[in-house]
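Below: the structure, in structure tokens.
Bear in mind these aren't lab numbers, they're just calculated from the coordinates by the rules spelled out. No experiment lies behind these values; they were computed from the predicted model shown. Note that each Cβ is placed from the backbone with ideal geometry, even for glycine, and that neighbours are counted across all protein chains shown.
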Amino acid sequence: MTLDVAAVVVTFNRADKLGRVLDDVLAQERPVDRVVVVDNASTDHTAEVLARYADHPKIEIMVLPENTGGAGGFATGMARAYEQGADVVWIMDDDCYPHPGAVGALLHGHAAAEDRMGMRLPFACSVVQWSNGDICEMNNAEPTWDWAKLLVHGQQNVLVNSCSFVSVLFPRWAITQFGLPLREYFIWFDDQEYTRRLIAAGPGVQVLNSTVTHDLGVNRGVNFGDVNDGNMWKFEYGVRNEASYRWHREDPFAAARFAQRLWQGLAGGNVPWRLRKRLAKKFVEGIRFDPQPTFPRTVL
Amino acid sequence: MNGLDLPEPHQGGPLFTITTEPRLFSPLDERERRLLAGALTYQALVHPGVDVRVTITRANGSTPPSLTDQATQRVEWPDHRQVVGTLGVLSTGQDTPPTGTKDVVVDLGGPVEQLSGLVRLPGRLNAVRNAVRARVPVAFDALRQRQTDRFENRRLSRPLPRIGAFERPEHTAGSAQPPAVLFGMHWLELGGAERWAAETVRMARDAGLQPIVVTDRDSAHPDVVRDVFDGALVIPLTHPMTSDDESTFLRALFDRYDIRGVHVHHCTWLYQRLPWIRAQFPGTRLVDSLHVLEWRTGGFVDIALRLSNVIDEHHVISPQLRDYLVDRQGLSRSKVTLATLADLTVTAVDQPHDAIGDDGPADRPLTVAFVGRFTQQKRPYLFLRLAQTLHRQLGDRVRFVMHGDGELGDEVRRDHARRGLQSVVEMRTPSTPVSTTLEEADLLVICSDNEGVTLTSFEADAHGVLVISSDVGSQASVVVEDLLVPRHPGPLLAQTTDLVVDLARDPDRLAALRAAQHDKVAAFAALPRARDWTRDLYERWNS
């Protein structure tokens with residue numbers, strides 16, 4: 001049976017990179033059946049780039065009236081792909097360049113892993129590299145305790161608990177059962193929350209021979225010691241969202257451990273006290289913040 | 001073949017012969033003749049080689065037929081029955097003379113018009129429940145929907161048990177008997193599932209297979225007289241039958257026909273016998289057609305899931321059912337086939353008519369229609385309340401047509417009169433073609449609390465009628481998102497009122513939504529068709 005594969009690309013003010021992303025998606029050897037591009041109300045010349053693809057038979061462009069963040073954009077795009085009848089939804093950011101064969105390897109690796117495990121697996125992600133070929137530190141999937149279970153049988157697959165939204169595919173059933181990413185998170189930790197939500201059905205899988213490049217300015221993971229006035233807004237979302245997740249989806253002890261990690265990171269980076277106070281407030285906000293998943297409609 | 005002019009199957013010849021000429025004290029109509037033929041077939045098959053002496057009775061009032069159940073074995077009957085005839089029959093295919101006689105009493109039931117009424121469960125609690133429902137239907141409905149919410153949540157969070165899988169035994173050699181399909185139906189009455197089931201019966205005959213139809217629900221079976229059942233072997237079962245008779249009956253069917261496949265349409269009795277059929281007749285393919293997910297009771301979908309390990313293929317008519325079976329219940333994608341009924345009532349998705357016409361609704365009243373059976377599921381009482389509210393707000397700028405009848409018919413007509421809606425809501429019975437109402441309508445309101453995909457939505461779109469629907473089943477597949485309203489009665493009435501008021505004032509929006517609806521229906525219609533899937537299936541079965 002042939003799967004209907006939809007790619008979802010969420011973009012915001014990355015006109016210079018978006019064209020290459022779409023070209024690389026469309027050039028996949030195993031062609032995708034449709035591409036949903038969600039423009040989060042970009043203010044640069046994204047519209048001009050997208051105009052070049054407007055008549056492409058596989059591309060649907062959704063321009064949102066306001067920026068809904070990565071979380072809102074992925075939720076919107078995944079819902080659209082689902083409504084159009086996609087069997088598999090493959091999602092990525094607007095600075096993710098899939099390497100040749102990336103989606104084919106994901107599909108094949110996912111199917112082989114399911115076959116070997118004898119169960120359905122809720123997601124499959126690529127290995128994310130930085131521009132120089134190194135591993136992209138921001139996008140490391142977290143392996144399970146038995147991560148090598150498939151490797152020992154010759155598969156290029158590692159079992160994982162979570163991954164980022166940079167080249168990850170979700171089978172339709174996972175979206176039916178678990179819903180969409182939480183729009184309310186806006187940005188940061190939406191991918192962690194979502195993939196961890198899905199592993200209630202079983203582990204995810206990282207397919208080692210599916211690779212993409214994440215075209216970030218610097219190759220550095222999330223580190224609370226890096227907080228400054230310029231990036232503070234992102235960390236505020238991150239702290240609120242992770243506090244919410246740890247408290248409501250895990251337990252208060254997990255939230256306390258996160259608080260400790262946050263404190264140590266801020267202290268280690270000598271982050272100014274006024275910023276630490278703002279993040280502490282966001283932590284408290286996260287305890288009161290408990291958005292619930294929404295589910296897409298079945299249309300086709 | 002007989003003085004009664006009883007129908008015969010179109011392949012394989014009659015399954016019984018007349019041994020004692022009929023004596024009729026009262027003529028039988030065509031429906032009764034066909035019911036009698038089914039009863040005689042059953043009685044002859046479960047008493048092979050026995051001269052079966054049949055007393056035929058007819059009941060007064062709302063008594064369903066008794067054709068195959070244990071009561072047929074008793075030679076006494078209630079006072080409200082009258083004898084209409086006698087005859088004797090013997091199963092064919094016997095080489096030896098009859099080994100004895102057996103007396104049975106077959107009751108053809110009461111008149112059709114008295115049997116299509118509300119099925120009222122016995123008991124004081126149910127009487128109270130019915131009284132409350134009749135007096136305060138909206139409050140009753142609101143509670144019912146809250147209960148449905150709980151059922152829905154529970155159903156989504158629980159896996160369903162399955163019967164054990166077993167290896168399909170070795171295929172038995174083909175038989176020299178006529179090739180056939182055994183169909184299971186709920187009853188032979190109006191309904192979307194029944195309409196599709198009847199169509200498959202026709203397709204089986206067209207494919208050169210003898211259709212054998214069993215039903216398992218008490219009914220007058222008014223549709224048994226339809227042309228589509230000509231030449232089919234129709235046996236309306238009435239329960240309870242003895243377990244000996246059940247297996248004898250089924251085995252006799254398999255002896256007399258080469259049953260290539262069983263196609264179950266909403267028939268609990270046949271579903272529950274599939275494991276036995278799979279064990280005893282492994283060469284027979286087993287498929288079913290599923291229409292609607294019943295959140296409250298599980299319905300046929302749950303039965304199908306429970307028995308899925310012995311069913312070769314599930315046909316579903318809506319994407320919602322596909323997602324439920326595959327995504328939620330974990331059935332293999334290759335085992336579930338989505339094939340829609342989009343073309344069952346309309347031949348093609350044509351360009352919509354310009355229902356509003358050149359003068360537009362500003363120059364004439366906006367016509368809002370309800371088309372469907374008057375049943376609890378369709379909630380006609382909500383439409384009456386909607387009409388009352390809208391008439392208050394829009395006056396003569398809007399008119400209403402209510403088209404249908406059914407078990408709530410009397411209540412609806414009383415409600416219609418009590419609310420003083422005689423001049424506001426025009427009532428039409430099924431004697432008027434649905435197309436007449438749709439030709440006049442601008443908007444169709446579907447208030448149902450559960451559906452698969454309503455065939456009426458396709459008909460409405462083909463007539464250029466915009467559909468407002470409760471967001472149930474797969475209605476989202478054919479109704480524009482803006483026009484989907486909640487299932488709960490309060491929000492349904494409020495949002496539908498707002499929508500109609502807005503559309504009455506904004507013909508441009510109405511036209512734009514109609515175009516969007518047509519695109520959506522066309523996308524749905526582009527999905528695989530049930531007719532194509534079935535044709536291929538039956539051709540494979542007959543090859």
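Give the average over all directions of the projected area of the C-alpha convex hull of chain B, one decimal, in nm².
On the way: hull surface 104.1 nm².
About 26.0 nm², averaged over all directions.
All C-alpha pair distances within segment A:34-136, sorted into 5 Å bins from zero, spread as 2, 10, 17, 19, 20, 16, 9, 3, 2, 0 percent across the bins. Mean residue ellipticity, 222 nm, helices only, chain A: the sum of -39500 (n - 2.57) across DSSP H runs of n ≥ 4, divided by residue count and rounded to 500, is -11500 deg cm²/dmol. Counting only other chain Cβ atoms within 10 Å of each residue's Cβ, the peptide B:314-327 averages 3.
Using only Cα atoms, figure out Rg for the protein assembly as shown and give it as a multiple of 2.2 N^0.38 Å.
Cα-based Rg divided by the globular estimate yields 1.11.
Based on every Cα atom in segment B:489-533, Rg and the maximum pairwise Cα distance Dmax equal 15.4, 44 Å. Given the C-alpha centroids of segment B:381-435 and segment A:263-300, what is the distance between them in whole angstrom? Going from one Cα centre to the other spans 54 Å.
With a cut-off of at most 14 other beta carbons within 10 Å, and DSSP calling the residue loop, which chymotrypsin sites (Phe, Trp or Tyr not before Pro) in segment A:93-173 qualify? Please list them. Present the calculation step by step, with values, prior to reporting the outcome.
Values: sites: A:123, A:130, A:145, A:147, A:165, A:173; in loops: A:123, A:130, A:145, A:147, A:165.
Here the sparse-neighbourhood loop sites are A:145.
For residue B:110, the residues whose amide H sits under 5 Å from its own are B:59, B:63, ignoring neighbours fewer than 5 places away on the same chain, with H placed 1.01 Å from N. Distances between placed amide hydrogens fall under 5 Å for residue B:219 paired with no residue 5 or more residues away or on another chain.
Rounded to whole numbers, the Karplus 3J(HN,Hα) couplings from phi for segment A:14-31 are 10, 4, 5, 9, 4, x, 5, 4, 5, 4, 5, 5, 6, 8, 4, 4, 8, x Hz, using 6.51 cos²θ - 1.76 cosθ + 1.60 with θ = phi - 60°, and x at Gly and Pro.
Helix B:409-418 and the long axis of chain B differ in direction by around 20°, with both axes built from C-alpha atoms. Per residue, the convex hull spanned by the alpha carbons of segment A:224-288 comes to 60 Å³. If you take the Cα centroid of segment A:30-105 and the Cα centroid of segment B:25-72, the two points sit 65 Å apart.
Output needed for segment B:16-112: three equivalent-ellipsoid semi-axes, defined as square roots of 5 times the C-alpha gyration tensor eigenvalues, in descending order, whole Å.
Working: eigenvalues 108, 33, 26 Å².
The answer is 23, 13, 11 Å, longest axis first.
When its C-alpha radius of gyration is set against 2.2 N^0.38 Å (N residues), segment B:388-543 gives a value of 1.18.
Once every Cα of segment A:5-214 carries one equal point scatterer and solvent is ignored, give the base-10 log of I(q)/I(0) from the Debye formula at q = 0.11 Å⁻¹, two decimals. Values returned for q = 0.11 Å⁻¹ are -0.46.
What do you get for trypsin sites (Lys or Arg not before Pro) in segment B:23-114 restricted to DSSP loop and a cutoff of at most 12 other Cβ within 10 Å of the site's Cβ? Let's see the in-between values first.
Details: sites: B:23, B:31, B:33, B:34, B:53, B:58, B:74, B:81, B:102; in loops: B:74.
Sparse-neighbourhood loop trypsin sites (Lys or Arg not before Pro): B:74.
Can you list the residues, at least 5 places off or on another chain, whose amide H is less than 5 Å from the amide H of residue A:8, using H built in the peptide plane? Close amide H contacts, sequence-distant or interchain: A:36, A:90, A:91, A:92.
At most 13 other Cβ atoms within 10 Å plus a DSSP loop assignment makes a site exposed; report the longest stretch of chain B without any exposed GluC sites (Glu not before Pro).
Values: sites that count: B:76, B:167, B:170.
Free of exposed loop sites, the longest segment is B:171-543.
Note that segment B:318-324 has calculated 3J(HN,Hα) couplings of 9, x, 4, 5, 4, 5, 5 Hz, one per residue in order, obtained from phi through the Karplus relation 6.51 cos²θ - 1.76 cosθ + 1.60 (θ = phi - 60°); glycine and proline are x.
Within segment A:40-118, list the trypsin sites (Lys or Arg not before Pro) lying in a DSSP loop whose Cβ has at most 16 other Cβ atoms in a 10 Å radius. Before the final figure, lay out each step's value.
Working: sites: A:52, A:58, A:80, A:116; in loops: A:52, A:58.
For trypsin sites (Lys or Arg not before Pro) across segment A:40-118 that sit outside H, G, I, E and B with at most 16 neighbouring Cβ atoms in 10 Å, the list reads A:52, A:58.
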